[in-house]
Amino acid sequence: SDPARFIDIQKVTKRFGSVTAVDAVDLQIARGEFFSLLGASGCGKTTLLRMLAGFESPTEGEILIDGQPMAAVAAHRRPTNMVFQSYAIFPHLNVGQNIAYGLRKERLPKLELKKRVDEALEMIKLSGYASRRADQLSGGQRQRVALARALIRRPKVLLLDEPLGALDKKLREEMQLELRQLQESLGITFVFVTHDQEEALTMSDRIAVMSAGNVLQVDDPHSLYERPSCAQVAAFIGSMNFLKGKVRGRENGHAVVEAEGLGTIRAEAVAGEFGEGAPILLAIRPEKLAITDSAERAPLDNYVGAIEGKIAAASYLGDRSHYYVTLPGVQRPLAVAAQNVDRETEGWLQSGAPVWLSWQPKG
Ligand code: ADP
Ligand code: MG
């Protein structure tokens, strides 16, 4: 089958009574890809994953895996396996028994089974833990055991439904790296569900951003961040300032727009129509804004503007600082993220201080 369409979701809809959980979704996932479904709670991620696993069947549409239609294939016969958010491991069994449970239906000879369990333990970096009781493990170790139990069947596709959701931030970040490395070394296809955009950006080859049962955009992390296809994606991925405006014309592939508070400026036309007079949303990332104490000191290279405003609030976050700046004629303060703000500069970056904003229109 076509490796770019290893998983081929064709116009798949799932309704529960009057609720449309998944709405005519078309999605192709490549063989060996780390693919994420990203969206707020209730947008249909789990339902889509459960249809891939065979725990639910589509109301309409079709799913093919490796060229095979899945409609008539029962869950346990599919080339998929699933890891859930809740660890779902048996506390009274030891680690080895928990992992071997994944192979219970295959009736392997004892020696072969032991070999497979040892292999799986090595994968999750828990060699030597086979006889440890599951209830003596930490949260991260338990989730690794759940992972090994799913991997021991050697699925072609691993489905992961918010598998790190129950872990604290530090451990979650460690596990993100481990999972990504594991996926790369095994070379199997991962379909990973998360509501955490940072997690999706860190881990994925590509991401489908979902909302209300629909896929808004499918792209690699960099494109999603730099070229969101609509305001909803722009707001969901990272943080974004939005200013209302109107199109005034075009110039060298850029749109010339009049935006509230900024006057007439050139901006990159990312998505939508850019006819004369059309209403637009100007989207500026907080880290693309620079803040200075005078117009003369505004950065020159790649920056434009220098508009006077006032600091409404400032917060220090160690590796960066966030400022909220009010501009005349703009309702909401603009968020500015600045790195390496030196102490001298911090002094004048207090609430109420007059400042100048400039921005990087591109790059
Ligand atoms: P997510 O995983 O993104 O949070 P879900 O796929 O769990 O979203 O749910 C999508 C929508 O479908 C929600 O409105 C949810 O209430 C509904 N839903 C999910 N499963 C069922 C079910 N078995 N019966 C009825 N409604 C359901
Ligand atoms: Mg869910």
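Some observations on this one:
- Cα-only radius of gyration and Dmax that characterise the stretch 84-211, units Å: 14.6, 48
- Over the chain, volume per residue of the alpha carbon convex hull, in Å³: 181
- With helices as the sole contributors, the chain gives -6500 deg cm²/dmol at 222 nm; each DSSP H run of n ≥ 4 counts as -39500 (n - 2.57), and the sum is divided by every residue.
- Share, in percent, of DSSP beta bridges within the chain that are antiparallel, nearest 5: 75
- Net charge of Cβ neighbours under 13 Å - reference Ile280; Lys, Arg +1; Asp, Glu -1: 0
- All other residues whose Cβ lies under 15 angstrom from that of Ala74 are scored, Lys and Arg at +1 and Asp and Glu at -1, for a net of +4.
- Shape call, the stretch 199-319: gyration tensor on alpha carbons, a/c limit 1.5: oblate
- Cα centroid of the stretch 1-46 to Cα centroid of the stretch 289-342, whole Å: 40
- Between the stretch 185-258 and the stretch 74-125, the alpha-carbon centres lie 37 Å apart.
- Size descriptor, Kirkwood hydrodynamic radius, that averages inverse alpha-carbon separations across the stretch 61-135, Å: 14.4
- Considering only the stretch 81-209, percent of DSSP beta bridges that pair antiparallel, nearest 5: 10
- Relative frequency of Cα-Cα separations exceeding 16 Å in the stretch 1-126, percent: 70
- Distance cut-off 23 Å, percentage of C-alpha pairs in the stretch 276-355 lying past it: 20
No lab work stands behind these numbers, since they all come straight from the coordinates. All values derive from a computational prediction rather than experimental measurement. Note that we place each Cβ from the backbone using ideal geometry, even for glycine, and neighbour counts take in every protein chain shown.
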